[in-house]
Structure formats: structure tokens, C-alpha cells
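Please treat every number below as a calculation from the coordinates, not as lab data. This structure is a prediction, so every number in the text was calculated from the model and none was measured. When we count neighbours, we look across all protein chains shown, and the Cβ atoms used for this are built from the backbone with ideal geometry, even at glycine.
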């Protein structure tokens, strides 16, 4: 391609970072030294080469961001030359992902979560003290080399408030601090530049209040079994599901998963067996397995805990999925804010590969399967499966129109099975216990157990595994009820894309069918509790801001609608006039309908759900109480 | 018939493209769109060009041959195809002649010899040969990199040999296509503006053909071929040609060896120039006839590189006293005593249709939307997407296609110690020919004439970007700023001829002429470069 | 006579079979219902095709026959029975038995709101295709209030051939597609940023002359709102002299290379003020190069001061 790269060249650090990922350039035409005897006579490239390499664009940006702390034009130019990407396109991709800095930035950055769960736990005062200590957000006065920034939900809601501390360098360090007890803790984390921080078993147990208790399936190893040890995993029952899968063969695996009536746990609740069968039946080759670990729904942290606490299980499940669907290559796309989970998964994959559990001949079975871990870069929308595919392909994370569905045309346009982490984790007990035994838990239509991410104003926030059919009130009770003995005002069920319910819904049975009948959704299993002191209008404002920030900007209803929704909410808060309020609420309702009906993807379609539910069920803005 | 054998749409559906001596990305941008559609659908693209042009950057493989070694490369590919058993034997047997002699002529061209002669690595030559030969459909497209040589026709014939060898002609998606550099090069030739042809690509020495024209025109058409452009200049040099009527051409600046051309034009008894603009040639003229712009101020037709005849129309009134070419010519004929009837563009066109079988079906009404591709024999005929389909009929209808025996010959002007750089010339995207039409529009990418050199040569010469240098050939010298271009390798330099008023590149070029086509070797002069001020 | 001459001394005989494209494989027919009327379309046709075949007008904004549908504007949404959400007619493939409504209350509400969102955030003063729709759907963009965020920004006037006024940009992606894989493959511009801040940009938003732009103007040709405008038109509009009612549009062929691109010359007061190419033209598909689109000044009377 005749790409037009002008302007500055990469410096030595930037080149080294890119070369460490891609290897040294092979010719003068792709950024290496010009050897005229070779380069003067022929070159290779063109569109096929560009297409083959494009998927490395995000990893290349990450490499530079990790090393230098931002992506300069020179670095971008070098990447463009190496990967044959037009600079304007590269810029479009770079500016899509909020973890990439496009201007000079302090090497150390504290990303402070100010999203709803952390907000309920003092995020704003943390921001205020950081502003005092480090200066205004995004600045690094006096060459202090450290800055802080607000962040959408970091997925650490059970231990809010949370921060992600990143220091560029070779190697870069990325660590989560949660809960943040004060700026001192952040300073300590910044000074401990010893690479990634992973959690101890004790820390994991703190996240899972049920740890060690009987009756757990998905969480039975979390906090008890060393997540870094393949031996420990095997000793705790690991890889027995793969053995069973190899006995069953592809059709048998799919039959078992189908019989179990496993529904997707990412939010859409699609039958997993149907999905796998569809991919397996597609004649186009190759097939891919994608594990959606871009868990970014505010209030959600279950996949993080599974990956950090039981990483081999995810690897094993992906392997089984690969065998079942004739896929030899998988991708695990983990959000960029999950350094702990990423490290654990990477360690586990390496160990599995070394043990022959991944590779050209999995366990000597003749099946080939391996996976790559890809890191997101700060874009909620990439949790949408088709946006995730685009991101894997090195593009902006813009959702695609469906159909075609991923089973027909997924990543790289090929048949793809894409499953959420929790969904995959369920495959193991289905195979080891057998579909019927596994499905005996839960209800007839909602089989198995469900992970609930309980956060907000509860006594024991954390990740709970409970059978489908448990009531909302029981979940709240498990978590010790509303903290401090306060009254319950509202529960956000299903995440920011979910809905608010009030105390009247505590008897709601948490199943797909019951929530659907009630006009609700389980979403990603979020149960975020707000006590009677909470300013719900402020929470709605933050949710509206979240969707505005995270809209990809592709379709009009979402791009502009999320802005108008935030503006209308601000007007509603500011304006006490009853008539004006009624008018605004009417506009808000019509706007919500259009966003739900006409947006391309689930983000826009659900961006008004929480607001509408708060207005309808909790009378926010209708009475004076929420103001 | 002389014309590209394929339609643009076919390159979208082919499997392999050899883009040879053509920077179509810049010189034929919309054709390149079609080509890229083909690439997008999976066609492999090979570009053969001394420079790594913007077209070459799209290629799966770029082969950077030495200027003027095209036949050596084609022969080496041909030999490789033959010895690898990839020739299309059935097509060769049934539809061609002269294969054995051709085979004998290329057998010495081993990959090693090919690499030595062309500079292209043997592996690359082999890869191109195999890819071209094994592709279900394949096309060769070329431009002036093939034809602006002293052996232009031989170059073309060597490419045709490749197509015959592999059967890549006469079928949808396979063909051999010269991309025409000007909007009516094809049409001009089709209308008989060739020394040996009457309209409709009919041979002037064919008695039956001539008889029809005699009848239609009421005169006796002389059975002799005329001069091509370069032949005319030779005739001027001999004093055999003393009066010249130039319509829409700027030979004072577009001919190779410009000093020589200027002197010849100045020495004519009478020079009449009919043009849209006051060109440098017009400045030399005895009479200037201001012409309306062909594309915007005149009625008529032009024919494109896919043999598509399309209507040009008067979109606005001609400027000042300018008139349409047709009106001027008719008036001139009358002044000269010929009783030409009053007619208009459509009348002339219908006369052509009556005389040229391949245009017979192209009424103005049918041409109105989108045009038609010749041959189009009658008003029910839809025009033909590709030529030579007859070669796939068994037995072949009409004459078989002959292989041609051609010899590799280096450019006339060899490099030596005094003139150590190879200067090759070409076009840029935003400019056109000598800038007569493009000069008046403001192009943000216009950067004026430069002498483009490789980074290595710039270092050796001690020159930096923008530094003025004197470029000298055996025929003249110019001063131009340097542009450093990594697309060039040491020893190879490049200039355009778009800015003759500032830098008269054709003072440098050589008028070594291909005797078969009359084209000059614009692509290969020997020059030296001397730095001026730092 | 040379060997070369001899072959074609007489015109070769006609091929027995007409040399033409191999026939396309037959396509099955799909029957759908559009507003109650049954209509047959070939397999692979879109709902837009079906609606048009049924004589139903469906408005579009980001759709163009020559470009890959991005279905971003959502103006063309229709209601498909049984579907949870509305479908973009421009890209959704027709499936047998689909029951489509082109003008249901849900459809009208979505279109109205989409138009309001656009009109409240973008300057549509030169979006001639769009403004009639605002009235047709009863859109009231003012209801979001005077403080509603807009994309207003200074005009980018950084070169001699185009002006870019992104205050008028509806982000339909057409220019990006035309500059990219759907036509020009130059990739000088892309969508950068995200959400409401998403915008058309060169790398680092550098001025066009520092970008990869080759000034083919194929972006201008597809821009539905006048955000991208050739300089002559922009200048005439600024001076209040742009007068479409005084313009003629006549097709001719480009005077430059031998590809044979159809040019539509738009002439006002005997001056060419704009050149386009028909989208349905098989050679150009509406695309031109810089010379074809802008290289017409030589036939215009030089203006005073030139």
C-alpha cells in the first residue's frame, strides 16, 4: 500500500518497544536499515501483507505506551511503517482507546475510579486529595512525573474505592490498589515498580466471602488453590473436564453443553450449545474461539476474579470449546484495567503450553488448539462482541451490524464462537458432572449457578455464587444487608446497562425468566446496593456520563443521544419547575425509545435503561425526594 | 486491431496482474481503482518498474529491473514457464504460430542470466513467472515504461509472447492492455491518425479497404503509408517536410531532445498551430488557430483504453474567438478548395460508421449513456468486452496469433564515466504532459520540477533536498532542485516533463526512435549531475 | 510489410460467441412483505432494495450505492415483525417471510429523534437532502434547549481545492469510505476520537497538505451535507453567488489520461464551477482524480486579477 508516512521518526526506546513485539524489521521498506542490493531490487508488501499484520496494531501501541507512557507521532509512524497501516487510520485507532495517551504524559499515572460503586465509597474525596497532592487531573506540574486521571469502573467494586497505578518503563508496572486507604497507599504502589502485582490467596478469599464453603462450583478453587500452579490445579480436579471432552469428541461435547441448557453469562443469555453447534457446522475455515474477558460493565468484577483466582479453568474451557467447534486458535481479550487477571492468565497459558495442554497436539489427542491473550485499551464498547472482533483486528472498537452473526462471520470474518469468561467456566462442571447433574441446580430454564457481583452499601461486598432462583433479598442478606443498618433505597441490577429496582423487588427470583417477566435483566450479575442517603440523581448523572464517554460514536442515536440524555438529566436536576420537568421527562422517554430501537448495538440500546427504570420505578425526578 | 484486449471490469475479476512499466496509481488513477478492486478480491499484483512507485507499493512483489531490460525479464519468465512445464500447450498448439522458434530464442535466458541482465533477483523472476502462468486468469497492463524506448514494439511483443505462452488472452479476466496516456490516443489511432491506417484500424495498403474509402470520399486515397511523428521530425531534418499543421500537441516541449526539435520547428516554411492554449509551439507558429477545448467546448467522441467510445459534449461556450476543431478544419478545407459539405460531429461520426466495420453499430443515440466498446458491428450488437475470443474457438477462427522473436537490447545511450546516471522520465498524479491544461489549476501537491535521486546518490553528490543541481546530457542541460526519493536506487534518477517553462527536461532526453512505432526513448537518457549552490 | 503489420492486414473475423462477462450464477428469489404488500427480491438484496422495489420511499443519509453500507445514521430504520429493535434497511438482508413496516409509529419516532439529534448538534444549512426530512417527520431540534452541545468549530480552509467545515459533519463515514477501501484507497482521513468527540481527521489532525491527501475530491462527491466543499463552490457561496438554478450539468469525457472518465460539468454563467461524475457510471462509479475534478480552470475565462 502506498502509505504516506511523514514527520518525526521513532526514538530508540520507541523502536525497541515495537521491535520487542514484532521482531527487528527485515528490510529498509518496513523500517529497517536500507540494504540497497536487496531493497533496491524488490520489495514485498501490498494489501495481503497489510491485512495479515493489522491485528498487531493494538499490541504495538501497548508496547510503546508501556515503555514510554504515551504514543508519539514518531512511534506511530514507525508502527505504521512496520505494519503497513495508513497513519490516519492508526490515529483513528489510537484515539479510540482511552488508555493510550496521544501527548506527552507523566510516566506514572494513577487512574482513579470515580464510577458508581467507587463513588458510593468515597471516590470523590480521593480525587480531591489527589488533586491536592498531584495537581489538577491529567497534569504533572514541577516535573513530578506522576499524574492522576479519573477512570470509568475499574471492576474492583467489591473493594471500592479503587485505583489502577501504571508506571511506564522497561518493564512497565501496572497494579491495582483497592481499596485505596489514602494517597499514601498510592505512593507506595507507585514506588513499588516491581512489575505487576498479583493477589495472594488470602486477598482472593477476601473477595469471595463464601470461599471454602461447600456448594460452590465456579468459585470452588478461588482463594484456595494456587492460581500459579498447574499441579495444584490438576490436584484440585483441573483438566478432568478436558479428558472427558476428549472422550466425548466434538459432537458429544456440544450435545452435553446443549443438554445442560447453559445460557451465556455476559448479558445476552444466548444458549451456549446452540452457538457452539452453529460454529461447528460452518463450512468456512478457520474457526476461532474468543473469550470475552473485556469485563467493563460498571459494577462487574466476576470474570476478573475467575481469571485471577482460577486461570487454568478458563484455559481448559477455551481448549474444550476449540475442540468442540473445530477451532485451532483462540483469543482471550482481557480489559486493559485488569493487570492481575492478565498476568495470571498469561502464566497459566504458558504453563499449559509447556505441559502440552495447548499447542499442535493437545494432550496427544491429535487436536490442535492454542490461544493468544490480547489486552484492551480502555473501551467499554469492546465488551460488545463485534466491537471486540474489530479491536482484535486492530481497528476501532466499533460494533458491527448483526446479522451476520459471529458464528457466521466473526473475528477476521470467520466463524467464531465468542463466550464470556463465566460462561466458559461453567463448561467444566457440565462435562465433569454431566449435563443432567449440573442442570439440577437452578431452575428448569435457568440452569446452574450464577455469580453475583455485590457492591455498594452492603456489609460484605464481594463475589457470590448462588443457584439461579435465589431471591434478590437473599443475595442482599448473604452480603450482610445494607451497611450500617441503613435503609435500602435502590438496587442497580445487571450493571449500568441494567435497571434500578426498589425494596419492593427483594422477592424477585433471580432467573432469566423471572427477570424477563419483570422487565428486568440479570445482565452481568451486578447487584449494586444504594442506601437511603444516596443521591440517585447524581448516580444517574454518572451513569449517563459513562455512556456518553463510552459510546463509540458510530451511530447517531447513541452518539448524540447519550449526550442529550446527560444534558436532560442535568436540566432535570437544575430545574424544579413541575411543567418543565414533565416536558423533559417526555423528551427523555422518547429519546430512550429511539436509542433502544435504532442504535446499532447493545450499548446504545441499553444506555437509557437505568435512567428510565429510576424514573419509572423509583420516581426519581417525579417526587421531590431524589433532589 | 490495436487496443487493450480487456475491460476495466475484468481486472476486478482476475487472479494475477503484471503491471509493467506503469505507475497507474498516479497516471491512471481511476483504472487503478478497478485494479485495487481486483486486489481486494484476491488478485496477486506484481509491478515491474525501475522505481518503487506508489503503484509498486501496492504490489505483492515489486521487481526493480534496470531501465530497458524488459525483454530480458520477459524472456527469462518465458523460459521459466516453459521449462517448469507451465506453458499452455493446448493454446499454443491450436491458436498460435512460431512457438518452436520462440522457445529456442528464449531458452538461453536462464534465471541466472535474467538476474544478471535485469538486476531482478532470480527468485523474484521465478515467482512472477509461476504466479502468472498458474493463475486461472491473468492480465498484463503496461504504459510508457514499455513503449517509450527505442525498441518499444519489441518490448510489447515480448509481453504478448508471455500472454500467448500461458493462454492469458481472449478470455474474461485475461488479457494484454496498454493503458493509454491521453484521453484519445486510442481514438486517434482508431480514426486513422496512424501512418499506415485508415479509420477503423484498416490498412492503407489493403486495396479492398482503400476502394471503399475512394468510393465514399470521391477521391483516390494514396496507397502509401505516411510518417509517424518522429518520422516527420526526421523529414524536417532532411528538408523533406516544410509545412506543419499541429493540432492540440506541443512538440516544442514534448519531443525528446528539445533543442533539436525547436530548431526543426523554427526552420519550417510554415507552421500552423491549432490549440486551446498559447503553447510554446504556438509561439513558434506562423499562424495560430484558437481552438475550443475538446472535452468541454466541443462535440464528438473519444475512445478509452478499454476501447470504449464515449461522447464528449459542449458544456459551455468556447472562450473568445476559439472554435471547435471540426469547424476550423472544415473551413480550412473549403478555403483550400474542397467542397466539403456542411456537417456536424454526428455527421462525421456517421460517415465513420459507414466505413469502419468495428464502429458500425455505434449511433450517437446508443453512445449517449456510458458509451460502447468496439468492435460493435451493428445497432443490435452490444459491443465486446474483450478481444481475441476467437483464439479459443476450435478450430481457431481467422489467423493464429504469432509468437514474435525479439532480442533484448539495452538503451541506446549507455552510461559512462562522464554521464554516469540513468535518467528516466514520467508523470505525476496532479500534472499532465507539458502542463498546458493543468498549469491553470491550483494543486496543493504541485511541487515543481525536480531531479529525483536516491538517498545514496544524494549523499555521494553531497546534495540535500531542494538543492539546485545542473543536470547535463549529451544534448543539453537544465538546472533543477534535487528531490531525494527512496524509491530510486543508486545510479537511477527521475524527472517529469510537466514544467518545461521552468525546467526543460526534454533538453536532456534522447530522440532515439523505435523504428516500428516512432516513439522516442524518453525513458532512458544518460546524464551527469553537478551540485550548484549549497 | 512487417510481421507485425501482416497479422492485422485484414480485420480479424468476429468471434462466434459474444465476448462478455461469464453469466452470474442465478440467484434465488426471496419474498418479503413491505407495508402489507408482497414483493420479490433476489437473494442477497437488502430491505432497502425490497422497499424500493415495493415503491416505498425509505430515507437514507449515510447510504450510497457505490459504498459499503455502514448503517451509522439510522435514518433508514424500518420495523421487522418479531425483531426486538428496528433494522437498518440499507444493510439488512431480506430474508424470506420478513414483514417490514416502513412507516410505523416506532419507525417514525426513531427517524424523528435521529433527525432532531442531528439538527440540534450539526449545522445542516447546506444539507439539502436532509432538510426536507425534518419537516416530513415533524422534528423539533430546538426542544433539547439552546445549550445543547454541538459540533460547531472553525472552518478548515487549508488548501486551494477543498474547504472542510466539520460543523456540518453528520459523521456518515462516506468520505472515509471513499478515501479508503471503497474507492480511492489513499486513507488520508479516518474517524478519530470516540463518542460525541468522534470526528473525521487526518493523522494528528494535521492540515490536509501535510496529510496523504491526493485531492481526488472523491470525499466531496459523497458528502451529503456540504461539510466538504470544493473551493470554487465555497467561494461563490460565501459571496452569495452560488446559483444552482442558473447552472447546467452536461456530461463529457475527461481531457486527461486514457481511462475515459465521465465528467459532469456544472456550468454557471458560462464558467465551470464544479465537476462531478455519475455514481452509476461503470468506469468511474462517481470517482475522479485531482485532474478530472479540478483541472478545468484552463477552459474558464481568467478572472480579473488572475
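Per the Kirkwood formula on distinct C-alpha pairs, the Rh of the stretch A:108-191 is how many angstrom?
12.4 Å
Indicate the gyration tensor shape class of the stretch A:34-75 (rounded, prolate or oblate), computed on the Cα atoms with a ≥ b ≥ c the square roots of the eigenvalues: a/c under 1.5 is rounded; otherwise a/b larger than b/c is prolate and the rest oblate.
oblate
For a quick size check, give me the Cα extents of the stretch C:27-146 along its three principal axes, largest first, whole Å.
52, 30, 23
Give me the base-10 log of I(q)/I(0) for the stretch B:376-534 at each q in 0.20 Å⁻¹, Debye formula, one uniform scatterer per Cα, rounded to two decimals.
Debye intensities relative to I(0), on a log10 scale: -1.25.
Grab the DSSP H runs of chain A that are 4 residues or longer, score each as -39,500 (n - 2.57), total them, divide by all residues and round the 222 nm result to the nearest 500 deg cm²/dmol. Before the final figure, lay out the partial values.
Working: 26 runs with 269 residues, N = 627.
That calculation yields -12500 deg cm²/dmol at 222 nm.
So for the stretch B:305-431, what are the equivalent ellipsoid semi-axes in whole Å, largest first, each being the square root of 5 times an eigenvalue of the Cα gyration tensor?
Output for the stretch B:305-431: semi-axes of 37, 30, 17 Å.
Cut-off is 10 Å between beta-carbons; in what order do A:375, A:105 appear when sorted fewest neighbours first? Could the numbers behind the result be given before it?
Values: A:375 23, A:105 19.
Fewest-to-most Cβ neighbours within 10 Å comes out as A:105, A:375.
Would you mind ranking A:314, B:513 by Cβ crowding within 10 Å, fewest neighbours first?
Exposure proxy ranking, most exposed first: B:513, A:314.
Rounded, prolate or oblate, given the Cα gyration tensor of the stretch A:449-531, with a/c below 1.5 counting as rounded?
It is prolate, given that a/c is not under 1.5 and a/b is the larger ratio.
Which percent of Cα pairs goes in each bin when the distances of the stretch B:264-314 are cut into 10 angstrom slices starting at zero?
Reading upward from the zero bin: 25, 32, 28, 16.
So how long is each side of chain A along the principal axes, counting just the alpha-carbon atoms, biggest first, in Å?
Projected onto the principal axes, the Cα atoms of chain A cover 80, 62, 47 Å.
Equivalent ellipsoid semi-axes for the stretch A:12-94, as square roots of 5 times the alpha carbon gyration tensor eigenvalues: give them largest first, rounded to whole Å.
Equivalent ellipsoid semi-axes, largest first: 22, 15, 10 Å.
With 24 Å as the cut-off, how large is the P(r) tail for the stretch A:230-439, expressed as percent of Cα-Cα pairs?
Result for the distance tail: 34 percent.
Considering all projection directions equally, how large on average is the shadow of the alpha-carbon convex hull of the stretch B:42-98, in square nanometres?
5.5 nm²
Which of rounded, prolate or oblate describes the stretch B:201-360 when judged by the alpha-carbon gyration tensor and an a/c cut-off of 1.5? Mind showing how you got there, number by number?
Numbers: a/c = 1.67, a/b = 1.20, b/c = 1.39.
It is oblate, given that a/c is not under 1.5 and a/b is not larger than b/c.
Quick check: the distance between the Cα centres of the stretch A:552-589 and the stretch A:1-60, to the nearest angstrom?
48 Å
Using only Cα positions of chain C, each an equal point scatterer, no hydration layer, compute I(q)/I(0) via Debye at q = 0.07, 0.12, 0.13, 0.15 Å⁻¹ and quote the log10 values to two decimals.
Log10 I(q)/I(0), no solvent term: -0.36, -0.95, -1.07, -1.29.
Please compute, for the alpha-carbon atoms of the stretch B:184-254, the extent along each of the three principal axes and give them in descending order in Å.
38, 28, 18
Looking only at Cα atoms, what is the convex hull volume of the stretch A:461-581 per residue, in Å³?
Here the figure is 142 Å³ per residue.
Determine Rg/Rh for the protein assembly as shown; Rg is computed over alpha-carbon atoms and Rh is the Kirkwood hydrodynamic estimate from the same atoms.
So for the protein assembly as shown, dividing Rg by the Kirkwood Rh gives 1.01.
Across 5 Å bins from 0, what is the distribution of all Cα-Cα pair distances for the stretch B:1-158, in whole percents?
Result returned by the calculation: 2, 9, 18, 22, 23, 16, 8, 2, 0.
Which value, in Å³ per residue, describes the convex hull spanned by the Cα atoms of the stretch A:254-302?
Values: hull volume 4.5 nm³, N = 49.
So the per-residue hull volume is 92 Å³.
Share of Cα-Cα pairs in the stretch C:162-299 beyond 23 Å, in percent?
Cα-Cα pairs of the stretch C:162-299 separated by over 23 Å account for 34 percent.
With just the Cα atoms defining each centre, how far is the stretch A:372-432 from the stretch C:251-298? Give it in Å.
Using only Cα atoms to place each centre, the spacing works out to 45 Å.
Any idea how far the Cα center of the stretch C:208-223 sits from the one of the stretch C:73-89, in Å?
33 Å
Beyond 25 Å, how much of the Cα-Cα pair distribution for the stretch C:108-238 remains, as a whole percent?
Considering the stretch C:108-238, 27 percent of its Cα-Cα pairs are separated by more than 25 Å.
Please compute the alpha carbon radius of gyration of chain B, then divide it by the globular-protein estimate 2.2 N^0.38 Å. Two decimals is fine.
0.98
Provide Rg and Dmax in Å for the stretch A:536-618, with only Cα atoms included in the calculation.
Reported Rg and Dmax, both Å: 11.8, 35.
Listing A:275, B:103 from the residue with the fewest other Cβ atoms within 10 Å to the one with the most, what is the order?
B:103, A:275
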